[in-house]
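Everything below concerns the one structure shown next.
The values are calculated or read from the model by the stated rules, or taken from the named source; none is laboratory data. No experiment lies behind these values; they were computed from the predicted model shown. Quick reminder, even Gly has a Cβ in these numbers, built from the backbone with ideal geometry, and neighbours come from all protein chains shown. The area values use the complete protein model at the heavy-atom level, side chains included, leaving out ligands, DNA and RNA. Shrake-Rupley method; radii C 1.70, N 1.55, O 1.52, S 1.80 Å.
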Amino acid sequence: MWRPRIPRTRRWVRLAAALLLGASTAGANGRFPAAQQVVFGAGPHRGRITFRVTFGLLVSDDDGARFRWLCEEAMFSPESPGPAVDPAVEIDDRGRTLFGYGGGLRWWSPDACGVNVLADLSAREVVDLAITPDHRTIYGLETTPGTRQWVLRGTSDDLALRRQGDGLAGVRLSTVEVSPADPARVWVAGFEDATRIPRVFRSDDGGRTLRALAIAGSLGDEAFIAGAHPTERDTLWVRANVGLGSELLRVRGEVAERVARSGDAMLGFARSDDGRRVWYGSVAEGLWRSDDGGDRFARVNSLSVFCLVPRGDELWACGDWLRGPFALGRSRDGGETFEPVLRFEDIVGPVACAGEGNAGCEARWPSLRDDVLTPTRRDAGVRDGGSD
């Protein structure tokens, strides 16, 4: 199942959280408790959900009925990568949660209840992950500063993600996406080191060779792969930052067409399995939908959007936890209404592990629960999740 890449412009998420939540709600790690990304398992693990937040990961094995907390200490031990770490997250076909960050790639399995380090990628910066619809082939980006940039590729059989081809020099890569229509077609975005001009690259051989697209016109100040079309091999969506706002571009071949614009950062993008419905969303301007493949958009909900993910006929969204109805919600009518799946105060507790496997999270839990996740409700700006 396809899922969108979350933009790596972390300052957008931090700024949005600060503006919405206020400085008095800083978490125990110095960050505002905010929703960022959600990914789903598939097949026998369809009910597995990993929800990335600014204070770790929230995980569910019962399709969102209950969530438990995996803290940063458990995720990154014995390292201390700092409080502002937003790992790229995916779930493979065996139900394991993979996450890439500045120190490499790790995976967590609730069955073993332990975080495993992939030694071959230790101390390398892995900024993004993508996975094929069968959840078996995993792509990543290795973007360690001062070195060549690489597309990584591997399978769930051994989780050995290997560098593809000769890599790229003189650029910094940010996002990767694999085409559902062709698992060998890979899209990558980044920018030139010298000029910081955004670039989009295409590979037709699983990342071994990358060719920069000769897209006419501007890709804004920064460009990120928003998503790939499910059936049209040569079509993808790109999100471009322009000043304080964003533009959504539909790229066909090497022709880019601006199909939407927002006054603030687009933090969410999603599309239906057939590509006919397309959504984007932002904190200030809410949720917008197109029913004709992206030709025309209309606002369908005033919800502050921090992320969007489709799952079959459902649309899932990360929301404004304090002033909105949920941190994670689900829509069954195309985004016009949402039902709350999780508010942070409903987190059951830390992940339960045998022995000392999660002792750090258990020690931090009382403070997080009492001081951070039991907020004073605000009256202003409350939304009911419905349409305007």
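Before moving on, here are some points about what is shown:
- Residue in the stretch 249-265 that is open to solvent by less than 40 Å² (accessible area, probe 1.4 Å), in contact with a helix residue (DSSP H, G or I) (Cβ under 9 Å, 6 or more places away or on another chain) and in contact (Cβ under 8 Å) with a residue 24 or more places away in the chain present: yes
- If you check 70, 105, 98 for being within 23 Å of residue 160 (Cα to Cα), of a type outside the set (Ser, Thr, Tyr) and touching a helix residue (DSSP H, G or I) at 6+ places or on another chain (Cβ under 8 Å), only one passes: 105.
- Against the list (1) surrounded by fewer than 19 Cβ atoms within 10 Å (Cβ to Cβ); (2) assigned to a loop (DSSP other than H, G, I, E, B), the condition residue 124 fails is (1).
- Scanning the stretch 89-110 for residues that are basic (Lys, Arg) and surrounded by fewer than 19 Cβ atoms within 10 Å (Cβ to Cβ) returns a single hit, 94.
- Residues that are in contact (Cβ under 8 Å) with a residue 40 or more places away in the chain and among the hydroxyl-bearing types (Ser, Thr, Tyr) were ranked within the stretch 114-142; the one that is nearest to residue 172 (Cα to Cα) is 139.
- Candidate set from the stretch 138-156 (those that are over 17 Å from residue 209 (Cβ atoms) and modelled with pLDDT under 95); member that is surrounded by the fewest Cβ atoms within 10 Å (Cβ to Cβ): 146
- Options 328, 303; residue that is open to solvent by less than 10 Å² (accessible area, probe 1.4 Å) and over 25 Å from residue 240 (Cα atoms): 328
- Contact map, the stretch 354-375: residues that are of a type in the set (Lys, Arg) paired with residues that are crowded, with 18+ Cβ neighbours inside 10 Å and at pLDDT 90 or above, Cβ distance under 7 Å, separation 6+ or inter-chain. Pairs shown: 364/71.
- Scan of the stretch 127-137 for residues that are crowded, with 20+ Cβ neighbours inside 10 Å and of a type in the set (Lys, Arg), ordered by number: none
- Test: residue in the stretch 156-173 that is within 29 Å of residue 273 (Cα to Cα), part of a strand (DSSP E or B) and in contact (Cβ under 8 Å) with a residue 40 or more places away in the chain: yes
- Candidate set: the stretch 206-247, residues that are without any contact (Cβ under 8 Å) to a residue 40 or more places away in the chain and part of a loop (DSSP other than H, G, I, E, B); chosen: the one surrounded by the most Cβ atoms within 10 Å (Cβ to Cβ): 219
- Of residues in the stretch 371-388 being at pLDDT 65 or above and part of a loop (DSSP other than H, G, I, E, B), the one nearest to the chain's Cα centre (by Cα): 373
- Restricting attention to the stretch 41-68, the residues that are of a type in the set (A, V, I, L, M, F, W, C), at pLDDT 95 or above, under 17 Å from residue 87 (Cβ atoms) and open to solvent by less than 10 Å² (accessible area, probe 1.4 Å) add up to 5.
Per-residue answers, yes or no, for (1) more than 18 Å from residue 60 (Cβ to Cβ); (2) in contact (Cβ under 8 Å) with a residue 12 or more places away in the chain; (3) open to solvent by 10 Å² or more (accessible area, probe 1.4 Å):
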residue	(1), (2), (3)
74	no, yes, yes
78	yes, no, yes
84	yes, yes, yes
112	no, no, yes
